[in-house]
Amino acid sequence: MSVERVEKKKTLDLRKKHIGPSCKIFFSHDPIKIIRAKGQYMYDEKGQQYLDCINNVAHVGHCHPDVVKAGAQQMELLNTNSRFLHDNLVLYAQRLQDTLPDKLSVCYFVNSGSEANDLALRLAWQYTGHKDIITLDNAYHGHVSSLIDISPYKFHQASDAELNQSVHVAPSPDVYRGKYRADHPDPATAYADEVKDIIHGVCEKGGKIAAFIAESLQSCGGQVIPPPGYFQQVAEHVRKAGGIFIADEVQVGFGRVGSHFWAFQLQGEDFVPDIVTMGKPIGNGHPMSCVVTTREVAEAFMSSGMEYFNTFGGNPVSCAIGMAVLDVIEKEDLQGNALRVGRHLTRLLEKQKEKHPLVGDIRGRGLFSGVELVKDRLKLTPATAEAQEVIYKLKEQYILLSADGPHRNVLKFKPPMCFSTENADMVVEKIDQILTELEEALGMKLHNTSNVENDSIKRKLPTDEHGHQCHSGLAHNRVSTQGVPQRTKRLRT
């Protein structure tokens, strides 16, 4: 390699000097310097192996040889833009469409999930002639200006943020912590009616709905699984108002949920979005993404008279890599692995819920799982500091996991798809040990959790994996935070 190898301290110093300070780093008090990776493992500069439970980008495994080979071989031949005819573009588009419902037949290739979602909004605005967008609370759809506007996960962090008047936020369909919970007779209808009410309010003020956009499963929002039937009802309300439905599969597509190739398919065969956006896993770490839509939406976009061109979108190298990812998913039955290992992981985590009062909820599909930690199962008081303690303790044992959600108390599993049952066994065993130690220190017992938040022990106040302090009963000589804490700044992972 021609790149100079430097000491970790110098790497950190150079980062502080030359990289924007808003670009956060994991475990800021003691960041990890990763120099190589393979499969579900990453390695630091000393050769220490870490089990990666975070990386849904390295979908088929870090540096998969088939994917690397496909990219390298095509790069030796040609890489150019899509204005020239090339088989890779059309064959890959055809292959991708084969995984989708028939009506989703037209592809636009771009370079990131943010680009894909931004283009999806443009398609919706042009097709409908309307402007208003409905998004979900705690949603994250990307970092460009149009997407920050529709990403409460981001704009809630800014104290001076002004909500775009054409953006409307519906409640997240969270049946554990949300407005309508698992004991509701029909949470899908109740949450869909919230969207219906928003549409009515917009129309009363003279607005018109262009689109409803949602992650098929909310990731940054805390691994939220919408109740079955929710999307169908929302789509009915939105389409009746002249809008369209955008399913964001950037985090959860390509077989991660195990039972289906696309997470929106969990809602049932009778639900088909008007636009699907893809990113992250599509290139296994190579920067590429895609928007797939109907012929009608695509034709309307063309009728604007403005050509759409993307310099790198759909280039031969990207398409070769994308094709190789699909090949590996099929050849190694990674969708099946996600189903099998995901079920095994869920069973293990459910046993932890039976054992540990800190575990409030287990939810997920396939290799997309969340463990919500709470200090009180009745009040659902978020165990934010405790979640960060788990993350740090796992890191000390060379396991990389992250925490997210509006209160940063949800442990997130979204590992490479080659993650094994042995990996799951090891991680859950370590989590079990850490939770046991935490609960002993807090004086928690499964049959008496209501007063946990009032317990105090003498421990150093922890910080989260990005350096933010977490206030809770883990604090030394501090009054523990009561009730639901304020939103803290978060980094999408």
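The values are calculated or read from the model by the stated rules, or taken from the named source; none is laboratory data. Worth saying up front: this structure is predicted, and the values here are computed from it rather than measured. Cβ: placed from backbone, ideal geometry, glycine included. Neighbour counts: every protein chain shown. In case anyone asks, the SASA skips ligands and DNA or RNA and just uses the protein heavy atoms, side chains included. Shrake-Rupley method; radii C 1.70, N 1.55, O 1.52, S 1.80 Å.
Could you tell me whether region 377-386 includes any residue that is touching a Cys at 6+ places or on another chain (Cβ under 6 Å), assigned to a helix (DSSP H, G or I) and in contact (Cβ under 8 Å) with a residue 24 or more places away in the chain?
In the first step, residues of region 377-386 are kept if they are touching a Cys at 6+ places or on another chain (Cβ under 6 Å); the result is 384-385.
Now drop any that are not assigned to a helix (DSSP H, G or I), which leaves 384-385.
So of that shortlist, the ones also in contact (Cβ under 8 Å) with a residue 24 or more places away in the chain come out as 384-385.
Yes, the conditions are met somewhere in region 377-386.
Could you list, in sequence order, all residues of region 127-143 that are part of a loop (DSSP other than H, G, I, E, B), open to solvent by less than 20 Å² (accessible area, probe 1.4 Å) and within 12 Å of Val169 (Cβ to Cβ)?
Hits for region 127-143 are Asn138, Ala139.
Which numbered condition in (1) out of contact with any helix residue (DSSP H, G or I) (no Cβ under 8 Å at 6 or more places or on another chain); (2) open to solvent by less than 30 Å² (accessible area, probe 1.4 Å); (3) more than 24 Å from Leu266 (Cα to Cα); (4) of a type outside the set (A, V, I, L, M, F, W, C) is the only one that Gly370 fails?
(3)
Considering each of Glu296, Glu330, Glu307 in turn, give the residue that is out of contact with any helix residue (DSSP H, G or I) (no Cβ under 9 Å at 6 or more places or on another chain), at pLDDT 95 or above and not β-branched (Val, Ile, Thr). Talk me through it step by step, then tell me what you get.
Numbers: Glu296 fails: out of contact with any helix residue (DSSP H, G or I) (no Cβ under 9 Å at 6 or more places or on another chain); Glu307 fails: at pLDDT 95 or above.
Only one candidate qualifies: Glu330.
Can you pull out the helices (runs of 4 or more DSSP H) entirely within region 1-101 that have at least 2 residues that are open to solvent by 70 Å² or more (accessible area, probe 1.4 Å), at pLDDT 95 or above and within 30 Å of Phe271 (Cβ to Cβ)?
Correct list: 87-97.
Working only within region 317-356, note down all residues that are open to solvent by less than 20 Å² (accessible area, probe 1.4 Å), out of contact with any strand residue (DSSP E or B) (no Cβ under 8 Å at 6 or more places or on another chain), farther than 21 Å from Lys280 by Cβ and part of a helix (DSSP H, G or I).
Within region 317-356, no residue meets the criteria.
Being touching a residue at least 60 places away in the same chain (Cβ under 8 Å) and over 24 Å from Gly322 (Cβ atoms) is true for just one of Lys16, Lys9, Lys24. Which residue is that?
On inspection, the qualifying residue turns out to be Lys24.
With (1) open to solvent by less than 10 Å² (accessible area, probe 1.4 Å); (2) within 25 Å of Val250 (Cα to Cα); (3) aliphatic (A, V, I, L, M) as the list, and Val390 as the residue in question, which single condition is left unmet?
Result: Val390 fails condition (2) only.
Mind listing whichever residues of region 381-397 are within 13 Å of Gln48 (Cα to Cα) and touching an Asp or Glu at 6+ places or on another chain (Cβ under 9 Å)? Show your work before the answer.
Going through region 381-397, the residues within 13 Å of Gln48 (Cα to Cα) turn out to be 395-397.
Lys395 - this is the single residue of region 381-397 that is within 13 Å of Gln48 (Cα to Cα) and touching an Asp or Glu at 6+ places or on another chain (Cβ under 9 Å).
Can you tell me which residue among Gly229, Gly243, Gly201 is of a type in the set (Gly, Ala, Ser), open to solvent by 10 Å² or more (accessible area, probe 1.4 Å), within 20 Å of Pro152 (Cβ to Cβ) and at pLDDT 95 or above?
Exactly one of Gly229, Gly243, Gly201 is of a type in the set (Gly, Ala, Ser), open to solvent by 10 Å² or more (accessible area, probe 1.4 Å), within 20 Å of Pro152 (Cβ to Cβ) and at pLDDT 95 or above, namely Gly201.
Quick one: count up the residues across region 144-155 that are crowded, with 19+ Cβ neighbours inside 10 Å and within 21 Å of Glu194 (Cβ to Cβ).
5
Among the residues that make up region 76-83, is at least one of them at negative phi and free of Cβ contacts under 8 Å to residues at least 40 places away in the same chain?
Yes, some residue in region 76-83 is at negative phi and free of Cβ contacts under 8 Å to residues at least 40 places away in the same chain.
Kindly indicate whether any position in region 106-124 is more than 21 Å from the chain's Cα centre (by Cα), part of a loop (DSSP other than H, G, I, E, B) and surrounded by fewer than 23 Cβ atoms within 10 Å (Cβ to Cβ). It would help to see each step written out before you state the result.
So in region 106-124, the residues more than 21 Å from the chain's Cα centre (by Cα) come out as 106-108, 122-124.
Okay, now just the ones that are also part of a loop (DSSP other than H, G, I, E, B), so none.
Within region 106-124, not a single residue is more than 21 Å from the chain's Cα centre (by Cα), part of a loop (DSSP other than H, G, I, E, B) and surrounded by fewer than 23 Cβ atoms within 10 Å (Cβ to Cβ).
Given (1) in contact (Cβ under 8 Å) with a residue 24 or more places away in the chain; (2) assigned to a loop (DSSP other than H, G, I, E, B), identify the lone condition not met by Glu307.
(1)
Go over the candidates Ser480, Ser472, Ser450, Ser456 one by one and state the one that is among the hydroxyl-bearing types (Ser, Thr, Tyr), crowded, with 23+ Cβ neighbours inside 10 Å and either at pLDDT below 95 or within 30 Å of Phe254 (Cα to Cα) (or both). Show your work before the answer.
Numbers: Ser480 fails: crowded, with 23+ Cβ neighbours inside 10 Å; Ser450 fails: crowded, with 23+ Cβ neighbours inside 10 Å; Ser456 fails: crowded, with 23+ Cβ neighbours inside 10 Å.
Of Ser480, Ser472, Ser450, Ser456, the one residue that is among the hydroxyl-bearing types (Ser, Thr, Tyr), crowded, with 23+ Cβ neighbours inside 10 Å and either at pLDDT below 95 or within 30 Å of Phe254 (Cα to Cα) (or both) is Ser472.
Using beta carbons and a limit of 9 Å, which pairs, at least six apart or on different chains, have the first residue in region 61-74 and under 17 Å from Ser420 (Cβ atoms) and the second one among the β-branched types (Val, Ile, Thr)?
Once the first residue is under 17 Å from Ser420 (Cβ atoms) and sits in region 61-74, its partners that are among the β-branched types (Val, Ile, Thr) give Gly61/Val67; Gly61/Val328; His64/Val325; His64/Val328.
Based on what the data block shows, is Leu380 surrounded by fewer than 24 Cβ atoms within 10 Å (Cβ to Cβ), farther than 27 Å from Val67 by Cα and of a type in the set (A, V, I, L, M, F, W, C)? Even if it seems obvious, please write down each step before you answer.
On the way: surrounded by fewer than 24 Cβ atoms within 10 Å (Cβ to Cβ): yes; farther than 27 Å from Val67 by Cα: yes; of a type in the set (A, V, I, L, M, F, W, C): yes.
Criteria met by Leu380.
Check region 366-376 and report whether any residue there is aromatic (Phe, Trp, Tyr) and under 19 Å from Thr421 (Cβ atoms).
Taking region 366-376 as the starting set, the residues that turn out to be aromatic (Phe, Trp, Tyr) are 368.
Now narrow it down to the ones that are under 19 Å from Thr421 (Cβ atoms): 368.
Yes, that holds for at least one residue.
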